[in-house]
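Step one of this worksheet: look at the structure below.
The values are calculated or read from the model by the stated rules, or taken from the named source; none is laboratory data. If you're wondering where the values come from, they're calculated on a predicted model, not measured in any experiment. Quick reminder, even Gly has a Cβ in these numbers, built from the backbone with ideal geometry, and neighbours come from all protein chains shown.
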Amino acid sequence: TFSKRRNGIIKKAREISVLCESAVSVVIFSSSGKLFEYCSPNITLPKILEKYQTDSGHKLWDEKQER
């Protein structure tokens, strides 16, 4: 089921975050549009997205959306 798989993914995200001292973020939307998320302690999702955008060179949003 969705709940079981979602919980498994979030559990794995926590494990890799702790065991590998990694910055991890997971964002999941259910089929009904409900949001579920996990972010490693001591970091925020905006910081992770900023690092992704900088390191990958992929622009996730333009200047208008940064306000």
- [ ] Could you check GLN65 against (1) in a helix (DSSP H, G or I); (2) modelled with pLDDT of 95 or more; (3) of a type outside the set (D, E, K, R) and say which number it fails?
- [x] (2)
Task: When residues of region 37-64 are limited to those that are under 14 Å from VAL27 (Cβ atoms) and in contact with a Leu (Cβ under 8 Å, 6 or more places away or on another chain), the one surrounded by the fewest Cβ atoms within 10 Å (Cβ to Cβ) - done: LEU60
TODO: State which residue pairs qualify: first residue of a type in the set (Gly, Ala, Ser) and inside region 1-15, second residue not in a helix (DSSP H, G or I) in any location, beta carbons under 6 Å apart, and separation of 6 or more residues or different chains.
DONE: ALA13/VAL24; ALA13/VAL26; ALA13/TYR38
TODO: Go through ILE28, ILE16, ILE48 for me and flag whichever is part of a helix (DSSP H, G or I) and at pLDDT 95 or above.
DONE: ILE16
Open item on the list: Out of the residues in region 1-14 meeting the condition of being more than 11 Å from the chain's Cα centre (by Cα) and small (Gly, Ala, Ser), tell me which one is farthest from LEU45 (Cα to Cα).
Closed with: SER3
Open item on the list: Quick test of your reading of the structure: SER17 fulfils all but one of (1) within 11 Å of the chain's Cα centre (by Cα); (2) more than 29 Å from ASP62 (Cβ to Cβ); (3) small (Gly, Ala, Ser). Name the failing condition by number.
Closed with: (1)
Open item on the list: Given (1) assigned to a loop (DSSP other than H, G, I, E, B); (2) in contact (Cβ under 8 Å) with a residue 12 or more places away in the chain; (3) more than 12 Å from the chain's Cα centre (by Cα), identify the lone condition not met by ASN42.
Closed with: (2)
